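Shown next, in C-alpha cells, is the structure this report addresses.
Just so it is clear, none of the values below were taken in a lab; they were calculated from the coordinates. These figures come from a predicted structure and were not determined experimentally. When we count neighbours, we look across all protein chains shown, and the Cβ atoms used for this are built from the backbone with ideal geometry, even at glycine.
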Amino acid sequence: MADKIAREVFGLLFESSTEPVFIVDRETRRIVSANVRATELFALEIDALVGAALTDIAMDPERELIAPGHYEDVELKRGDGYPIYVELNVVHVSMPERGELVAYVARDTSERHLLERELVAKHSALFTAYADLERAHAQLSETKRELEIRNHEIAMLAWRAAMGELVAGIAHHLNNPVGALASTLRRLTVVAAGVPIEQRGELERLLARIASIARRIENNVAAIVHASKSNAEGGGSPRELPPELANVLSSFSEQLDEIPAKEPS
C-alpha cells in the first residue's frame, strides 16, 4: 500500500527532492510513505518507518508539527534513539481517495546544530575564563596595593628606628659634657661658699642661672633619649618634649613620610 501511494501520488515529489520526504496521515498521524533519503535520515528500513507514529520519531512529543508552515530546529530521533535536528516544511494534501495527508520535507541541520552547540560551549568557557581572569587581576591589584602599603610602613619603621638610634647616640654623647657641666657647677658652688658674703651676691646669681640652664639642657637630652626609644620600640608613653624640640622632631617626621617607599621588585 505504501509503495503504491509513493509511486502513484508522490512519485514526482520523492524523485525530484534531494531532501528526506515522508507522508503522514492527518487523522492517524502515522507515516504512510517515505522516500529513500528519509530512511537514511532515520536509519530505518522502509517497512519499519512506514506505519510509525509521528510521536515515535519526535524527541518532543508535545511539539505540534501538523500545521502547515516552516519549522526550525526540530529535534527528531533515529531508529537507534540518536537525536537529529532538522528544518521541516509542512504542507497539507487533501485527496478524496487517500484522505487528509501531511507532506514533510526535511533538511538535516544536525551538523550545524552540533557546531552551534560547540560554539556556545566554547563561548561560555571563554566567558568564564575571562571572568576568572578579571577576578585574578583584581586580587592581584589588591595584593599589590597591600604590599605597597606594607612596604611603605616597613620602610618608615626602618627609617624611624635608624633615626631614633642616631638621635639616641647624639644625646648619649651630649650627656658627657652636660654631666661635666653639672659637676663643674657643683664645684663652683662649693668654691663660692668660701667667698666673703659681701662678694657672693652677683656670683651666686650667675651660678643659679647657669645651674638652671644646665638642668634645662639635661632635661631636654633626657626627653630626646626617651622619645627616640619609644619611637624605635613602638610602645611606651613618651615624655612630653619641650616645644622647640617637639617642633623640630615633628618637621623631621613629616619629611620622612614624604620619602617614597621602594617599589617591590
ILE84 long-range amide H proximity, modeled H, under 5 Å: LEU76, LYS77, ARG78
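Place a +1 charge on the Cβ of each Lys and Arg in region 2-108 and a -1 charge on the Cβ of each Asp and Glu, then give the dipole magnitude about the Cα centre in debye, rounded to the nearest 20. Walk me through the intermediate numbers first.
Details: 11 positive and 21 negative charges, 45 e Å.
Dipole magnitude for region 2-108 comes out near 220 debye.
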Spelling it out for ARG26: with amide H atoms placed in the peptide plane at 1.01 Å from N, the residues 5 or more places away or on another chain with amide H under 5 Å from its amide H are GLU100, LEU101, VAL102
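Beyond 18 Å, what share of the Cα-Cα pairs of region 2-108 is found? Please give it as a whole percent. Provide the component values of the computation, followed by the final result.
Working: 2328 of 5671 pairs.
Roughly 41 percent, rounded to a whole number.
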Can you find, among ALA193, ALA168, VAL221, the residue sitting farthest towards the positive end of the charge dipole of region 165-225, where Lys and Arg contribute +1 and Asp and Glu -1 at Cβ? ALA193
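Mean shadow of region 156-218, computed from the convex hull of its alpha carbons, in nm²? If you can, show how the numbers build up before the last one.
On the way: hull surface 18.4 nm².
For the Cα atoms of region 156-218, the hull's average projected area reads 4.6 nm².
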Taking θ as phi - 60°, what are the ³J(HN,Hα) couplings along region 103-117 by the Karplus curve (6.51, -1.76, 1.60), each to the nearest whole Hz, with x for Gly and Pro? 9, 10, 10, 10, 10, 5, 10, 4, 5, 5, 4, 5, 5, 5, 5
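For region 2-108, what does the relative contact order come out to in percent, with C-alpha contacts under 8 Å and a separation of six or more? Don't skip to the answer; put the middle values down first.
Values: 197 pairs, mean separation 26.9, N = 107.
Relative contact order for region 2-108 comes out at 25 percent.
To make sure I understand, if each residue's beta carbon is the centre and we count other beta carbons within 10 Å, what order do VAL32, VAL195 fall in, fewest to most? Walk me through the numbers on the way to the answer.
On the way: VAL32 21, VAL195 12.
Listed from fewest to most nearby Cβ atoms, that is VAL195, VAL32.
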Mind listing the phi-derived Karplus ³J(HN,Hα) values for region 189-203, rounded to whole Hz, using 6.51, -1.76 and 1.60 with θ = phi - 60°, and x for any glycine or proline? 5, 5, 5, 5, 5, x, 7, x, 4, 5, 9, 7, x, 5, 5
